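To keep things clear, I will list the structure first and then write my remarks on it.
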């Protein structure tokens, strides 16, 4: 199936154009680490990947986008682009957790080391909290929904498992594991989601437009008495 997929949730921007081959799946992809600038780079990266794909924009059959968790701006950039491409091509959209993409990326990077383990994708969300989601191999199926938790609470959900924590919050989760007597080893602290490593089996189409997965309310709030009255 001709697919355009992209992620803009955290500290990287990744794009993959994929298509079916008799021997598997063909891929044209781009990956760039960036703290900001996702909005400026996403469309050029899409154009670069699509230039190497054997199908045109009008032949896209499916769009895949990460909906969060992530930065407020990053989530909105990706989802706005997915909605625009869907409107232009008529292709349906499949939403993915950014943490699921991280788990598949980590499984590729770790190789045999991940065999028999539980992968916990953990991203430092500041304020003594992490974005976290656990996955079981070999298909790296989600064991729970993405959550925003303190490391101490998150590690209690992993009791009884042999865990490899990956991502910028891996060290925090491993430290909480040591304090609680839970086996958690930290790996790949600099890991970012790379959409090209998501397998076909993980992609599920949705009948609803993609929406951002906000696990934390926005920092900016209207001041008391400062909001404008609505026009009748």
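Bear in mind these aren't lab numbers, they're just calculated from the coordinates by the rules spelled out. A quick note: this is a predicted structure, and the numbers were derived from the prediction, not measured.
Using a cutoff of 8 angstrom between alpha carbon atoms and counting only pairs six or more residues apart, the relative contact order for the range 1-100 works out to 30 percent.
Note on the chain: with a GNM built from Cα contacts shorter than 10 Å, the maximum mean-square fluctuation among 64, 166, 77 falls on 77. With q set to 0.22, 0.25 Å⁻¹, the log10 of I(q)/I(0) for the range 86-146, from the Debye formula over equal scatterers at the Cα positions, is -0.84, -0.98. Give me the Debye-computed log₁₀ of I(q)/I(0) at q = 0.21 Å⁻¹ for the range 97-205, equal point scatterers on Cα only, no solvent, two decimals. Summing over Cα pairs of the range 97-205 leads to -1.04.
Where does the range 43-129 land on the Kirkwood hydrodynamic radius, alpha-carbon pairs, in angstrom? Could the numbers behind the result be given before it?
Values: mean 1/r = 0.0658 Å⁻¹.
Here the Kirkwood hydrodynamic radius works out to 15.2 Å.
Run through the DSSP bridge list for the chain and note the antiparallel percent, rounded to the nearest 5. Here the share of antiparallel DSSP bridges comes out near 60 percent. Dividing the mean sequence gap of close Cα pairs (under 8 Å, 6+ apart) by how many residues the range 99-187 holds gives a relative contact order of 28 percent.
In deg cm²/dmol, rounded to 500, what helix-only [θ] at 222 nm does the chain give when every DSSP H run of at least 4 residues adds -39500 (n - 2.57) and the total is split over its residues? Each step should come with its number before you reach the end.
Numbers: 5 runs with 63 residues, N = 232.
Value at 222 nm, helices only, nearest 500: -8500 deg cm²/dmol.
Of interest is the spacing of the C-alpha centroids, which for the range 1-34 and the range 156-193 amounts to 27 Å. Taking a cut-off of 17 Å, what percent of all Cα-Cα pairs in the range 1-90 are separated by more than that? Counting pairs separated by more than 17 Å, the tail of P(r) holds 44 percent.
Normalising the Debye intensity of the chain to I(0), with uniform scatterers on Cα atoms only, and taking log10 at q = 0.12, 0.17 Å⁻¹ returns -0.67, -1.17. Sequence-distant contacts, meaning Cα pairs under 8 Å at least 6 residues apart, place the relative contact order of the chain at 20 percent.
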